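Report on the following structure.
The values are calculated or read from the model by the stated rules, or taken from the named source; none is laboratory data. Small disclaimer: the values here were computed from a predicted structure and weren't measured. Here Cβ is always computed from backbone atoms with ideal geometry, including for glycine, and neighbour counts include all displayed protein chains. Quick note on the areas: whole protein, heavy atoms, side chains included, nothing else; ligands and nucleic acids left out. Shrake-Rupley method; radii C 1.70, N 1.55, O 1.52, S 1.80 Å.
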Amino acid sequence: MATRDSSDSFVTKDTTGTLSEAVREHLRKLCLREFPCGTGSWNKSRFLPRTWHTWREMVPKEEETVSAGEETVEALLGLVRSHHSPWAMLKDSSAEDCFLRELAIRNPQMIKDTFFYSYFRSLRVVDKGVTLVDKDLLKFLKLEELVLCANKIEEIDANNLPPTLKVLELYGNLITSMECLCSPPPPNLQHLGLGHNKLLGPLESLYITSNNWHKLVSLDLSFNDLTDLQSMIASLSTLRHLRLLVLQGNPLALVPYYRGFTVDSLARLCVLDDITVSPNEKHQFRGLSIQGDLLPHEAQFVVTIGNIRGVMDTSVFDPEPGPDGPFITYNYYVTYDFVEDLDTERNVLTHVLCLKIVKPSPTADRLEEEVSPEGISKELSVFIAQEMDQMAEGSEESMITDTEASETTISLRSPPMPQSVTSSEELSKLRPRIDIRLCPSPGTVLFSTAHKPWTDVIPCSYEMTHTLKELVRVKAFLLTGTVVTIVEEKILSWPVVSTPVEVSLPAKKGKGDQKKGDKKDKDKKQKAEEEKEGLKKKKEAPRELRQDPPVLRVLGSGPVYLEPLLAGETLVSTVCNFGVVRTLQYDRLTQARDSKKTKKGAKKERSKPATPIIENVEQLEPLTVEIQIQLQQYRTVEEVLLGLAD
């Protein structure tokens, strides 16, 4: 803490980064010994000569005796209180700051260290870079509230905390364990706030017991990395005076039975995560605490993807295919990335599969095989097995080249890549050529909806349940969010040209054989004519086609923020808007195509009316996709038991 010299000015100790240094700096900014505060030429006649030794005898003179050139007390107070004054208080000043400045005007002789140590009951030092709570804090004899939020404190020596403390808030620091606060803890503490720190590990529950905090009424441990709900609740149940508890933002709050188990285990609790615990809620979860050992430590999320709107029909830009092709088809699908457990065999296979989705497709040697990116569906295990078998056959790979900023194509003429796809050198060659929006974020897996043809409204009808056990990784993923991407897949198909087969000429026939041959030729001609008549009635057999590797183009990509799922919300529902992709040229081509179909009357079905040309961009429908991500939470004991049965 700051000290005074003979001239009553504060002198700095070498305490950079300590709490006492931060307090001293704050008092210096208040300018308690400078105009209009303190004593000087602006008010010196109000005080008796300094030869008197005791401050009790240094009584201010009457206001009417103020000499010329000096300011009255009211005038000096006006300079401090006025918002337009250069000596006005700062916007974030507390009530204590205002009181101290006015006191320094009314009676500046009281501004001493002894007064500060006995005056302060509440001390707030927020975002001042404090790293150490030093022993000078013990000089505050009546301190009841200490707020040290948004600093850089990693550990606190509990011996330096005044025993009179009732409120201790340490939000937004770097504390990794509560052990430092328990040697010994402040005996009268009623509220402890440790939200947004680095608390991690099952041992933290050992420090939250009645042995350390026997008077604790309110506890906030939100947004840490606590994972073991059962052991934490077992320790909290020993706090008989606990009425308010905040645990949201921790991985342990992501399990579906979190609120019910906590409410039933802590019968005296009144508020949980800023939501009042009602008697009806206690009744709905009655008896759940008995099932604690059977409840799994896992979180469940349900991802639902609805309709895609505003997609431009790219086929209007393509010329009509000739008899030799190419025949062009378009499909559309949505991808998103989601975290997966690393210690499961399923996730390892899924990682391989998702790499296969975005890596190059087979070369022209295998063009007869249909190659298209596949999504992760409910039949995941069967599909992965098939993909792994194909990879084991040693299929060759081709390189990907970028033709446009938003398009990824597969070159047919590129040389085959080496067989080892796990080589870091080969992967480093591939990464720059892959559209980053088609790759999952680090630590996540890419999931995809089914591929659908173009319509005005493309229904995805996708639903996927993610069950995860590594809750710390889940929390980190929710803070980062996912990325949703709409992809257009273009596939060119070509007729397969049959290879001519050499036919050996028959041997020369004799005269007798010639007559028999003529008769056979007549029979063949007759059969051929009959077959022709039958073929006219039958449909023409489908032609065999070979497909080029798909050309992928990202139509729109954007983030979906999932942090509300950590803050107590159970559902994030949004419509991702990627802007308007429709152009004036597209409208004209579409109108020309529709009018051409109407004139020719090529189809028996009623043709659609020509698409109107919209000149105003504001009237165009943007490219959007509907997505919902729900955190599974049980509302009754019955739902919990049904979940265990499944």
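Cα atoms only: what Rg and Dmax, in Å, come out for region 224-321?
22.3, 80
Taking amide hydrogens as modeled 1.01 Å from N in the peptide plane, which residues meet the under 5 Å criterion relative to TYR257, leaving out close sequence neighbours?
For TYR257, the qualifying residues are TYR634.
Using amide H atoms built in the peptide plane, which far-off residues or other-chain residues are under 5 Å from ARG546 H to H?
TRP494, VAL496
Which order do you get for ILE328, ILE627 if you rank them by accessible area with a 1.4 Å probe, largest at the top?
Output order, biggest surface exposure first: ILE328, ILE627.
Note down the Stokes-Einstein diffusion coefficient of region 259-299 in µm²/s, whole number, using a Kirkwood radius over alpha carbon pairs, 4 °C, and 1.567 mPa s.
Diffusion coefficient, whole number: 121 µm²/s.
May I ask for the Rg/Rh ratio of region 154-241, computed from Cα atoms with Rh as the Kirkwood radius, given to two decimals?
My calculation puts Rg/Rh at 0.92.
Per 5 Å bin, what is the whole-percent P(r) computed from every C-alpha pair distance within region 66-179?
Percent of pairs per bin, in order: 2, 10, 16, 18, 16, 13, 10, 7, 4, 3, 1, 0, 0.
Suppose R0 equals 35 Å; then what is the FRET efficiency for VAL126 and LEU641 from their Cβ-Cβ distance, rounded to the nearest 0.05?
0.15
What is the sum of charges around LEU239, taking Lys and Arg as +1, Asp and Glu as -1, for the other residues whose C-beta is under 10 Å from the C-beta of LEU239?
Neighbourhood net charge equals +4.
Can you tell me the length gained on complete extension of the stretch GLU489 to ASP318, counting 0.36 nm per residue apart and subtracting the Cα distance? Kindly include the intermediate steps, with their values, before the conclusion.
Numbers: separation 171, 0.36 × 171 = 61.56 nm, distance 1.44 nm.
Length difference between fully extended and current span is 60.1 nm.
From the phi of every residue in region 281-290, what ³J(HN,Hα) in whole Hz does the Karplus formula 6.51 cos²θ - 1.76 cosθ + 1.60 yield, where θ is phi - 60° and glycine or proline is x?
Ordered by residue, 3J(HN,Hα) equals 5, 4, 5, 5, 9, 5, x, 5, 5, 5 Hz.
Quote to one decimal, in nm, the extra length available between LYS91 and VAL560 on full extension: 0.36 nm per residue of separation minus the C-alpha distance between them.
Gain on extension, LYS91 to VAL560, equals 165.3 nm.
Applying the Karplus parametrisation 6.51 cos²θ - 1.76 cosθ + 1.60 with θ = phi - 60° to the phi angles of region 456-462, what ³J(HN,Hα) value in whole Hz is obtained for each residue in order, glycine and proline being reported as x?
Running phi through 6.51 cos²θ - 1.76 cosθ + 1.60 with θ = phi - 60° gives 4, 10, 8, x, 7, 6, 10 Hz.
Suppose R0 equals 51 Å; then what is the FRET efficiency for GLU569 and HIS26 from their Cβ-Cβ distance, rounded to the nearest 0.05?
Plugging the Cβ-Cβ distance into 1/(1 + (r/R0)^6) gives 0.85.
Label HIS191 and LEU141 with points 7 Å out from Cα along Cα→Cβ: what is the distance between them in nm?
2.6 nm
Label-point separation (nm) for VAL496 and LYS44, each offset 7 Å from Cα along Cα-to-Cβ?
10.9 nm
Of LYS139/LYS166; LYS166/LYS475; LYS152/LYS475, which sit over 28 Å apart, Cα to Cα? If you can, show how the numbers build up before the last one.
On the way: LYS139/LYS166 16 Å; LYS166/LYS475 32 Å; LYS152/LYS475 22 Å.
From the list (LYS139/LYS166; LYS166/LYS475; LYS152/LYS475), the Cα-Cα distance tops 28 Å for LYS166/LYS475.
If I model a spin label at THR238 and ARG268 as a point 7 Å from the Cα along the Cα→Cβ vector, what separation in nanometres do I get?
Output for this residue pair reads 1.4 nm.
If you wrap a convex hull around the alpha carbons of region 169-210, what volume per residue comes out, as a whole number of Å³?
72 Å³
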